[in-house]
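Below you'll find the structure, written out as structure tokens, and then a few comments.
Please treat every number below as a calculation from the coordinates, not as lab data. The model shown is predicted, which means the values in this text are computed figures rather than measured ones. Every residue, glycine as well, gets a Cβ built from its backbone with ideal geometry; the counts of neighbours run over all protein chains shown.
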Amino acid sequence: MRVLSQIILLVFTSVLVFSAPEPVYAQGNMWKRFSGACRKWLPAPKKTPTRKEVLEPENMEKILVRRARVSRNQAWDKMDKDVRRLLLPAQSTILNNQVWVGENLDELYADNPVLKNASVLVKRQYFQAANNRLVPGVLKKRVQNLLWLKRNEKLLLQAAIAVKNTPQNLAAQIPPDTQYWFIGEEHGQPNVRRTIADTLSAFVEQNPGREILFFTEFLPQGANAKDAVAYANLGLYKGHATVWNVVHKAGIELIGLEPRFVHRNRLLQTRYDAVPGGESSESSIWLSLEGMRVRNQAWVKLIKEYRTKYPNALFVIHCGEAHADYLEPFAVPLSFPAGKTFVSAVYTPVAGNQFEQLLPHPFTKIPALKWGARRYGRATGYDLRVFVPR
């Protein structure tokens, strides 16, 4: 091996000497000449593109396609052992490269100066890469929450309080100083909607004269009470009329939360990677981490705009449980003062949030549950939870 190394060194030195236009000893700085000769044998360094070149549509598209592909692999690689071990069946939100093309997605990333005028293809690749980069950190935080809950099960049992499950009593649990009352529902359940409507009606009766605004996920931004009548006649929104009738009867202003570009493309599907031992699945792009972040950010912006106009009003926000749950990434209540929010979760015993999936007994045996201290709401996802039959 040593002899081979000497032979290689001799050959390289001979090439360097005989390729020089004059003797090496006569060329001044020996190291400078030597390094210059070496550069002839090395490939030229790649030119770093300028910002202007990167932002050209064809270049941006290539970069984001590559980034989306790489981000998918990185999302799996960065998961630590605890995340892989405790990953629940529905928790892989890693997007693969399936193509989806929405209708009029110009408003997606409208606040981003680089992307606001980009093509749908560019926005799709950015969306996928952004989502997959979120996955490892979000899942790691989720596992940390679940491990904390498991360690503190006895403490939570002491703090759990069974509540009489009647509309009047459920309404009475809302603290008087609440400014943001989130009602998170399990979608598609008539009994859930009836419980929400009855509780809201009881709350209005118990608080005469209180200024209330009602925000709903199920109407697009800019929609009003007249629009709600039209939407209620559609099959997809028929069940919401139960709640909206209470709002209309009480003379409460009804405000749509969903960005219009999301509402137009609400059925837009994509494919999620399988969890270990499972299969890949198709679901709405708006249920991915990036989809929820985009939507919730738009909701928060709109709610804060209304707060400047109605500083003393109670804002009731009716939405899916995943938007309101304190444990969910980008949960809307986390954008408002902790002491001024109250989250009511209403769903069937089959559903349950992360907390109840991890610790199903004996908590799921309590039909209506609240916590003895508000800090436990932040730890478990809700301040008040109500089970209703399917």
**Q.** Burial order of peptide ranges 246-254, 327-335 (average beta-carbon count within 10 Å, highest first)
**A.** 327-335, 246-254
Q) What FRET efficiency, computed as 1/(1 + (r/R0)^6) with R0 = 30 Å and r the Cβ-Cβ distance, is obtained for Ser335 and Lys365, rounded to the nearest 0.05? A) 0.35
Q. Under a Cβ-Cβ cut-off of 10 Å, what is the net charge of the residues other than Thr341 that fall near it, where Lys and Arg count +1 and Asp and Glu count -1?
A. +2
Q. With a sphere of radius 15 Å drawn around the Cβ of Glu205, what net charge do the other residues whose Cβ falls strictly inside it have (Lys, Arg +1; Asp, Glu -1)?
A. +1
Q. Based on the Cβ-Cβ distance of Trp148 and Arg293, what FRET efficiency does E = 1/(1 + (r/R0)^6) give at R0 = 30 Å, to the nearest 0.05?
A. 0.80
Q: Apply 1/(1 + (r/R0)^6) to the Cβ-Cβ distance of Gln179 and Arg375, taking R0 = 25 Å, and write down the FRET efficiency to the nearest 0.05.
A: 0.85
**Q.** Two-site label geometry, Glu253 and Asn165: point separation in nm, points 7 Å out along Cα→Cβ
**A.** 3.6 nm
Q: Past 18 Å, Cα to Cα, is the threshold; run Lys301/Lys370; Lys340/Lys370; Lys164/Lys370; Lys226/Lys309 against it and keep the listed order.
A: Lys301/Lys370; Lys226/Lys309
